[in-house]
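Step one of this worksheet: look at the structure below.
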Amino acid sequence: MPEKQNEIPSEAFKFESVGEIAFAADDTEKNNFRLTLYNGEIHEHWYWGKMGFDLETMKLAKAKIPVLDHHDRQQRVGVGEKATFDKKFILEGRFLKNPIAQAIRADAIDGFPFECSLFFDSKKTEIDQIGQGQKTEVNGHKFTGPGAIMRNAVIMEGSFVTFGELDKTKAVTFEQLQEQENQNMSDKEMTKTEFAAAHPTIYQEAVSEGEANARAEFGKFCGQFGDDPAFLVEQFKAGASLTDATVAENQKLKAEMAAAAELAAKKPPEKKGETEEKVDPAAQEFSDNQDKKPPVKSEAGDGDPSEKFMGIAREYAKTHECKLSKAVSFCSVSHPTEHQAMLDANTITKTRSGRHR
């Protein structure tokens with residue numbers, strides 16, 4: 001073996017992983033990969049013989065390193081953005097958008113058994129030569145020479161490869177990996193805090209997805225019940241579905257109309273010639289601000305019956321900040337005389353115009 005490091009062939013500084021390659025699902029928002037580039041054990045290398053990396057001293061050449069196709073600098077696949085060296089060297093990153101990267105991503109998701117490989121800096125890495133019969137340890141494993149242990153190894157890049165020198169690599173989706181992890185944890189229940197600590201990425205994705213779904217659902221509630229904020233918040237906090245909340249709203253409106261009808265029946269008849277309507281008992285009874293809301297007044301006075309009733313409804317909708325359709329339904333019960341007068345007037349008009357027989 002050459003004594004000078006600059007005489008060592010560059011291919012000797014490539015190491016094919018024995019770990020797992022995990023890929024995200026085919027969701028366009030999930031474009032990540034996780035490469036187990038070294039599993040912490042001792043392996044046979046075509047050049048070094050026995051070989052191992054000292055995990056405690058391993059590091060990336062810079063904060064983000066390239067991820068390539070077969071170590072080809074012209075074939076850029078992704079960016080390695082996060083590295084961990086706890087018992088294994090795991091590099092997490094994301095695919096680029098170029099055709100080569102997306103082709104590898106698509107093949108990986110489709111089940112192609114990619115393997116992974118790393119390339120370390122020959123000038124900055126300390127090569128600890130272990131002589132014949134010499135004994136030492138690396139990452140808790142006994143090491144007997146001859147061989148080499150790479151200390152302070154500086155990782156330049158990671159690569160996807162079709163065939164590595166070692167035969168234990170495999171590619172799985174994140175879903176399959178999570179299934180395996182769930183199987184391993186089947187006998188042990190984890191609290192939310194424990195799961196978040198053990199699987200921060202998965203936990204954060206779940207939280208983000210849940211928040212997005214909640215915002216979308218709340219938006220639907222606002223569109224349906226925006227004119228009744230108290231009811232909206234009550235139903236949403238109770239966990240009601242949009243359908244259940246709509247049924248509850250109809251029941252609430254039905255109860256209010258029944259109460260208004262009962263109050264209207266007890267209402268004394270208006271004096272003839274009265275131009276201004278007194279405070280409506282039904283409206284006042286169900287007002288959210290009974291002390292602050294002014295009395296409901298008709299905008300139409302003693303004019304056209306249709307205009308008079310619709311004026312009452314519009315004023316009610318304005319005063320109570322509700323939809324006109326709800327105001328019409330409510331006022332048809334609380335003002336039955338005006339409502340019937342409008343219906344009679346419409347019937348007469350239709351008869352005269354020939355549209356009603």
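Quick notes on this structure:
- Of all residues in region 81-110, those satisfying the criterion of being acidic (Asp, Glu) and over 18 Å from Thr57 (Cα atoms) are Glu81, Glu92, Asp107, Asp110.
- Residue within region 175-193 that is in a helix (DSSP H, G or I), modelled with pLDDT of 70 or more and out of contact with any strand residue (DSSP E or B) (no Cβ under 6 Å at 6 or more places or on another chain) present: yes
- Lys4 at pLDDT below 90 and not aliphatic (A, V, I, L, M): yes
- Qualifying residue in region 55-78 (condition: acidic (Asp, Glu), closer than 16 Å to Ile155 by Cα and modelled with pLDDT of 95 or more): yes
The values are calculated or read from the model by the stated rules, or taken from the named source; none is laboratory data. For clarity, every value in this text was computed on a predicted model and none was experimentally measured. Every residue, glycine among them, receives a Cβ derived from its backbone with ideal geometry; neighbour counts consider all protein chains shown.
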